[in-house]
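Notes follow once the structure below has been shown.
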Amino acid sequence: MSRVAIVCHDAGGAEILSSWLLRCDNLCSVVLEGPAIGIFNRKCVDAERLSLVEAIAKCDWVLCGTGWASDLERQSIKLGRQQGKKTVAFLDHWVNYKERFEEADGSATLPDEIWVGDVQAKYFAEAEFPNISIKLQVNPYFADLRDDFAKLETSKAPTNKKSILYVCEPIREHAYLKYGNERHWGYTEEDALKYFLENIESLHLDIAHITIRPHPSEKLEKYQWAKALAPSLIKFGGEVSLMQETVDADVVVGCHSMAMVVALLAGKRVISCVPPGGTPCQLPQTEIEHLQNLVEK
C-alpha cells in the first residue's frame, strides 16, 4: 500500500482532497495551511499531520491542490520532484490554470500529472498543458455534496418571498497578488456587490433578505458597508456551513465562485453579477444567468 502526502492551502482544493482522502485506501499524511486547516478539522480530524519536509520524505507520491493565496502546493511539487516522487495536482476550478502554477519570477512549477473532476475541466486543462498527462476523476467533493444535499432540510419558514445568498470572493486580493493591480480584471469584489445591490430590481423578485457570505479567507466585517445600500434586506452569513446557507436560499449570486457551482448541484437559481467592464464570468456551466443580461432586459 502506497503512502500519499496530501498538501493544500486554499478552500477549493481542500474540499476536494479531504473528500478524496475519505474514500481512498492509501496511507495518507496531510500538510495544511490557511483555510484548508478548518476544512480538514471538520472532515478528516484523524488524518496524520506533518510538516511539508516530513510528509514528502515519508510518502511515495504527492497529491496537492492548486492555490492563489500561498505557494505551499508549488513547494510540494518542487520538493517531491527533487526527491523523485510522483506529483499530482487536482484542479478544483475552470479558470486561470497556468497562473496556479506560476512562481513570482514567471516560471512554472508543474506536476507530473493533473487530475480534473469533469469533462469541461479536462478540455481546458489539455489545451493549457499539452505535455502533461490529464486524468479525469470522479469529483469526490461533488459526490459528497449531492449526498449531503439530499439529507439536508431548509430552516426557512414557508413564504412566497425569496431568499438570496450572495457568495463573496477576494477578487481584489487575487488580482494584486498575481498581477500587482487590484483592478486587473476590471472590477473588485466591492464593485460587484454594489452593482448587484443597485440592480436587484432586475431579478423581479419579492425578496425576504439577502445573506452576504464572506469567502473563507475574508474577515466577517469586510462587507459591513453594504448594509447601508439595502438596510432592510441585508444580513451577514458565514457562521453556518455553505451547504446549509445554500439550502436555505432560493437564489445564489456571485461572480465566478465555486460556491455558485455548488448551488447548481443543489438545484438553485444561480446568477453571476460581474459588472460592466469586468472580465466575464469564466464558469462554463450554461445554467448560470448573468445580471448584465437581466439588467438589459
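The values are calculated or read from the model by the stated rules, or taken from the named source; none is laboratory data. As the structure is a prediction and not an experimental result, all values here were calculated from the model. So basically every Cβ, Gly included, is an ideal-geometry build from the backbone, and we count neighbours across all protein chains shown. Ligands, DNA and RNA are stripped out before the accessible areas are found, and what is left, the full protein with its side chains, is counted by its heavy atoms. Shrake-Rupley method; radii C 1.70, N 1.55, O 1.52, S 1.80 Å.
Within segment 1-60, DSSP assigns beta bridges of which about 0% are antiparallel (rounded to the nearest 5).
If you stretched the chain out fully between Q82 and K222, how much longer would it get, using 0.36 nm times the residue separation minus the C-alpha to C-alpha distance? Spell out each step's value before the answer.
Details: separation 140, 0.36 × 140 = 50.40 nm, distance 4.07 nm.
The Q82-K222 span can extend by a further 46.3 nm.
What FRET efficiency comes out for E103 versus K58 if R0 is 30 angstrom and r is the Cβ-Cβ distance? Round to the nearest 0.05. Don't jump to the answer; show the numbers that get you there.
On the way: r = 25 Å, r/R0 = 0.85.
Given R0 = 30 Å and the Cβ-Cβ separation, E is 0.75.
Taking a sphere under 15 Å around the Cβ of Y187 and counting the other residues whose Cβ falls inside, with K and R at +1 and D and E at -1, yields a net charge of -4. Could you work out which residue, out of V262, V247, V53, moves most in a Gaussian network model of the chain, that is, has the largest mean-square fluctuation with Cα springs under 10 Å? Fluctuation is largest for V53.
Cα gyration tensor of segment 54-112, axes a ≥ b ≥ c as square roots of the eigenvalues: rounded (a/c below 1.5), prolate (a/b > b/c) or oblate? Verdict is prolate for segment 54-112.
Our note on the geometry: Cα centres of segment 67-85 and segment 170-198, 28 Å apart. Given the C-alpha centroids of segment 1-60 and segment 135-153, what is the distance between them in whole angstrom? Taking the Cα centre of segment 135-153 as reference, the centre of segment 1-60 is 19 Å away. Of all the options S257, S163, S241, the one that moves most in a Gaussian network model of the chain with Cα springs shorter than 10 angstrom is S241. Nearest 10 degrees is fine. How inclined is helix 140-151 to the longest principal axis of the chain, computing both from alpha carbons? Once rounded, one gets 40 degrees.
Rg and Dmax, both from the Cα atoms of the chain and both in Å, are 19.6, 60.
Modelled spin labels at D147 and K235, positioned 7 Å past Cα toward Cβ, are 3.1 nm from each other.
Could you tell me which of rounded, prolate or oblate describes segment 105-246, using a ≥ b ≥ c as the square roots of the eigenvalues of the alpha-carbon gyration tensor, with rounded for a/c under 1.5 and, failing that, prolate when a/b is larger than b/c and oblate otherwise? If you can, show how the numbers build up before the last one.
On the way: a/c = 2.49, a/b = 1.43, b/c = 1.74.
It comes out oblate by the Cα gyration axes.
Counting only other residues whose beta carbon sits under 11 Å from that of K98, what net charge do I get with K and R as +1, D and E as -1? Intermediate results must be reported in sequence, preceding the final value.
Working: positive: R100, K178; negative: E99, E102, E128.
Around K98, the charge tally is -1.
Using a probe of 1.4 angstrom and keeping all protein chains present, the accessible surface of segment 134-211 works out to 53 square angstrom per residue.
Charge tally around K297: other residues with Cβ under 14 Å, Lys/Arg +1 each, Asp/Glu -1 each, net -3. From the largest down, segment 46-192 spans 60, 39, 32 angstrom on the principal axes of its Cα atoms. Which residue, V240, V167, V116, tops the fluctuation ranking in a GNM of the chain built on C-alpha contacts under 10 Å? Fluctuation is largest for V240. With contacts taken as Cα pairs under 8 Å and at least 6 residues apart, segment 62-186 reaches a relative contact order of 19 percent.
Once both labels are positioned 7 Å from their Cα atoms along Cα-to-Cβ, the gap between R3 and Y123 label points is 4.2 nm.
For segment 136-247, with all protein chains present and a 1.4 Å probe, just round the carbon and sulfur fraction of the accessible area to a whole percent. It is 52 percent, rounded to a whole number. Shape class for segment 116-195: oblate, because the ratio a/c of the largest to smallest gyration tensor axis (alpha-carbon atoms, square roots of eigenvalues) is 1.5 or more and b/c is at least a/b.
Under the rule of -39500 (n - 2.57) per DSSP H run of 4 or more residues, summed and divided by the residues of the chain, what mean residue ellipticity at 222 nm is obtained, to the nearest 500 deg cm²/dmol?
-9500 deg cm²/dmol
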